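What follows is one structure encoded as structure tokens, with my remarks underneath.
Just so it is clear, none of the values below were taken in a lab; they were calculated from the coordinates. What you see is a predicted model, and the numbers here were worked out from it, not measured in a lab. Heads up, the Cβs are rebuilt from the backbone with ideal geometry, glycines too, and the neighbour counts pull from every protein chain shown.
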């Protein structure tokens, strides 16, 4: 899918790894399955339920959601060191979600 390729290239070019990108990829997984939600809890619950083998990644997603909520509602600032320390985790989750979308598109699979 062209939008996934473009997103992947943008991420590699800019090095931007953030919760919104991950959230949009989760929304894409739901849409592929014929579902629709932008609710953060629903997105993570869907991922946890349909991909139980990725328990670790689900915990990272929940942590990111909580940090995003604290930024949005409590006005906290995230230190650059946190982003640097967790960069590989975020890259892994984005790659995983992109691969899931590509596999489902190729195989025609949808949960």
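A few notes on this one:
- Potential lengthening of the chain between residue 102 and residue 84 amounts to 3.7 nm, from the contour at 0.36 nm per residue minus the alpha-carbon distance.
- Between residue 41 and residue 72, the simple spin-label model (points 7 angstrom out along Cα→Cβ) gives 1.3 nm.
- Cα-based shape type of segment 38-98, given that a ≥ b ≥ c are square roots of the gyration tensor eigenvalues and the cut on a/c is 1.5: oblate
- A straight chain from residue 33 to residue 50 at 0.36 nm per residue would run longer than the Cα-Cα distance by 5.1 nm.
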